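The block underneath contains the structure these notes are about, expressed in structure tokens.
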Amino acid sequence: MSFKSSYLAEVYDNVVRVNPGEPEFHQAVREVLESLEPVIEQRPELVKAGILERMVEPERSIRFRVSWVDDSGKVQVNRGYRFQFNSAIGPYKGGLRLHPSVNASILKFLGFEQVFKNSLTGLPMGGAKGGSDFDPKGKSDAEVMRFCQAFMTELYRHIGPDTDVPAGDIGTGAREIGYMFGQYKKIMNEYTGVLTGKSLSYGGSLARKEATGYGLCYFTDELLRDNGLSFEGMITVISGSGNVAIYACEKATLFGAKVVALSDSNGYIYDKNGINLDVVKQIKEVERGRISEYADRVPGSVYTPGCSGIWSIPCDIALPCATQNEINAESAALLVKNGVKAVCEGANMPSTPEAIETFQKNGVFFGPAKAANAGGVATSGLEMSQNSLRLSWTFEEVDEKLCGIMKNIYKNASDAAKEFGMAGNLVAGANIAGFMKVADAMMWQGI
Ligand code: NDP
Ligand code: 2IT
């Protein structure tokens, strides 16, 4: 799709020009700008105030060296980053990704999207993302600890409970958050809610671990019901087998779906009897092993090397929960051919623009990441509230709030799509609804 508005084309071309070699960032910006065509027509004051030009430029970009000592005594060097995108509606908030593929393009696409996602939650959180090209896989606990301490020894000066509150993402779970929190506390001599995704014993929130996956299913359930369907009896394929995938599998199964496949970056498992999640949790959460081991332990299940083959499994519902651009046009076409009814994104930007177009053209109900996976950061927001209040809500209290937030996100995205003449297009609806609140806050606050 090309821009109708020459102004939007100009904003986009400039993003490409000043951020060369950053295709993921360009992709994320392009999608949002395309959605905003009708808004810009109605609100010329936003153009005059340069709202879009400001939104596509991070308020602050931080890059730093992380040196740490491995178990053999050798010094290792990684690159650390934090892109603080927008603080119009609250302190910067967003995860830290630890993966060898991490670069500025990936973190900027994530930070940019986080602004709109956080706005959609209705909670007062700005947007940021950070991380490093460090690979926690295959490292000892001591190595992970030394890396996390070195990372925080630089990051601490840029964050704070009212400034910027990082959290987990790919490769960053409770272990990494714990080591980072410990280091921040030592340096600052301050016990404060500077990170979310903490363990329960020192300020974490019940249901944060489950939140992204559960929230994805609450959103999907709402979308299905609005269209006269439900999870009951639906054959479901979920990619990934990390934090988001595991708890999406758990809730989808509780809702009556039959989840038949999960994956990791090496390959996928197919279990026609429905995934035994206790086995997956043991392999992934306890042993930090590979998904291929599932096939060794569960009779009747099959492991296939390679990631993209998972989308050739016939299913009613697909929940991509691994990484960006994991569903391309070809995989989308296969899903459509096999009769998929709904695709909702647990990962960030897992569908390419061509894949999204394929789903939308073929009447597949499509829940975009910014809306569908916002349950994680929403519950991080609830963790921040509990830390400020110095109390803890029960699992049921947090889960109920999460469910309410996800229903609200669905309604707001769906209403915004209708209001701007694109009923059913939740990509446009989520982008517009998320944008409006941030744009208004920026207008109030001046330049
Ligand atoms: P985890 O690290 O817990 O799990 C990531 C999963 O995705 C693993 O199964 C991993 O396989 C797979 N994966 C990662 N990178 C690739 C790749 N390049 N190719 C194929 N598979 C890959 O991360 P999360 O579950 O937390 O995150 C998954 C997605 O959800 C990400 O897009 C993240 O940004 C998004 N997300 C996470 C939230 C959260 O609260 N954690 C909130 C909202 C979105 P392997 O083990 O082989 O690397
Ligand atoms: O992409 C995301 O929304 C996250 N990784 C969660 C961020 C957070 O601050 O909880």
Inset, instruction - Filter region 243-277 for residues that are among the charged types (D, E, K, R) and either closer than 21 Å to Arg175 by Cβ or in contact with a helix residue (DSSP H, G or I) (Cβ under 8 Å, 6 or more places away or on another chain) (or both) and give the result. - result: Glu250, Lys251, Asp264, Asp271
Inset, instruction - Take Ile447 and decide whether it is in a loop (DSSP other than H, G, I, E, B) and either touching a Leu at 6+ places or on another chain (Cβ under 7 Å) or hydrophobic (A, V, I, L, M, F, W, C) (or both). - result: yes
Inset, instruction - For region 288-305, enumerate the residues that are of a type in the set (Lys, Arg) and more than 23 Å from Gly171 (Cβ to Cβ). - result: Arg297
Inset, instruction - Filter region 404-430 for residues that are farther than 16 Å from Gly122 by Cβ and open to solvent by less than 20 Å² (accessible area, probe 1.4 Å) and give the result. - result: Ala417, Leu426, Val427, Ala428
Legend entry - Subset of region 313-332 (residues that are open to solvent by 50 Å² or more (accessible area, probe 1.4 Å) and not in a loop (DSSP other than H, G, I, E, B)): Glu330
Inset, instruction - Could you tell me which of the residues Phe395, Phe366 is more than 22 Å from Val280 (Cβ to Cβ) and either within 19 Å of the chain's Cα centre (by Cα) or surrounded by fewer than 24 Cβ atoms within 10 Å (Cβ to Cβ) (or both)? - result: Phe366
Legend entry - region 73-91, residues that are within 15 Å of Gly131 (Cβ to Cβ) and either over 20 Å from the mean Cα position of the chain (by Cα) or away from ligand 1 (no atom under 16 Å from the Cβ) (or both): Asn78, Arg79, Gly80, Gln84
Inset, instruction - Grab the helices (runs of 4 or more DSSP H) fully contained in region 199-297, keeping just those with 2 or more residues being within 16 Å of ligand 1 (Cβ to nearest atom) and open to solvent by less than 20 Å² (accessible area, probe 1.4 Å). - result: 208-226, 243-254
Inset, instruction - Return the residue satisfying two criteria in turn: it lies in region 164-180 and is open to solvent by 10 Å² or more (accessible area, probe 1.4 Å) and not hydroxyl-bearing (Ser, Thr, Tyr), and of such residues it is farthest from ligand 1 (Cβ to nearest atom). - result: Gly178
Inset, instruction - Please specify each residue of region 114-163 satisfying the condition of being open to solvent by less than 10 Å² (accessible area, probe 1.4 Å), away from ligand 1 (no atom under 16 Å from the Cβ) and within 25 Å of Lys74 (Cβ to Cβ). - result: Phe151, Met152, Leu155
Inset, instruction - Can you give me the number of residues within region 1-26 that are surrounded by 13 or more Cβ atoms within 10 Å (Cβ to Cβ) and of a type in the set (Ser, Thr, Tyr)? - result: 3
Inset, instruction - Name the one entry in Asn373, Asn425, Asn387 that is within 16 Å of ligand 2 (Cβ to nearest atom) and out of contact with any Pro (no Cβ under 9 Å at 6 or more places or on another chain). - result: Asn373
Legend entry - Which numbered condition Gly111 misses (of (1) farther than 23 Å from Val69 by Cβ; (2) part of a loop (DSSP other than H, G, I, E, B); (3) of a type outside the set (Val, Ile, Thr)): (2)
Legend entry - Filter result for Ile235 (touching a residue at least 24 places away in the same chain (Cβ under 8 Å) and out of contact with any helix residue (DSSP H, G or I) (no Cβ under 9 Å at 6 or more places or on another chain)): yes
Inset, instruction - Out of the residues in region 68-89 that are among the aromatic types (Phe, Trp, Tyr) and within 12 Å of Gln114 (Cβ to Cβ), state the one that is surrounded by the fewest Cβ atoms within 10 Å (Cβ to Cβ). - result: Phe83
Inset, instruction - Give region 92-110 a look and list any residue that's open to solvent by less than 30 Å² (accessible area, probe 1.4 Å), within 16 Å of the chain's Cα centre (by Cα) and of a type outside the set (Lys, Arg), or say none. - result: Tyr92, Gly94, Gly95, Leu96, Leu98, Val102, Ser105, Ile106, Leu107, Phe109, Leu110
Inset, instruction - Scan region 366-378 and report the pairs whose first residue is part of a helix (DSSP H, G or I) and whose second residue is within 9 Å of ligand 2 (Cβ to nearest atom), with Cβ atoms within less than 6 Å and a gap of 6+ or a chain change. - result: Ala369/Asn348; Lys370/Glu113; Lys370/Lys117; Gly375/Ala211; Gly375/Thr212; Gly376/Ala211; Gly376/Thr212; Val377/Asn118
Inset, instruction - Would you mind stating whether Ala441 is within 16 Å of ligand 1 (Cβ to nearest atom) and either open to solvent by less than 20 Å² (accessible area, probe 1.4 Å) or within 24 Å of Arg30 (Cβ to Cβ) (or both)? - result: no
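The values are calculated or read from the model by the stated rules, or taken from the named source; none is laboratory data. Just so we're clear, the structure is a prediction, and the values are computed from it rather than from any experiment. A quick note on method: Cβ atoms are made from the backbone with ideal geometry, for glycine too, and the neighbour counts reach across all protein chains shown. The area values use the complete protein model at the heavy-atom level, side chains included, leaving out ligands, DNA and RNA. Shrake-Rupley method; radii C 1.70, N 1.55, O 1.52, S 1.80 Å.
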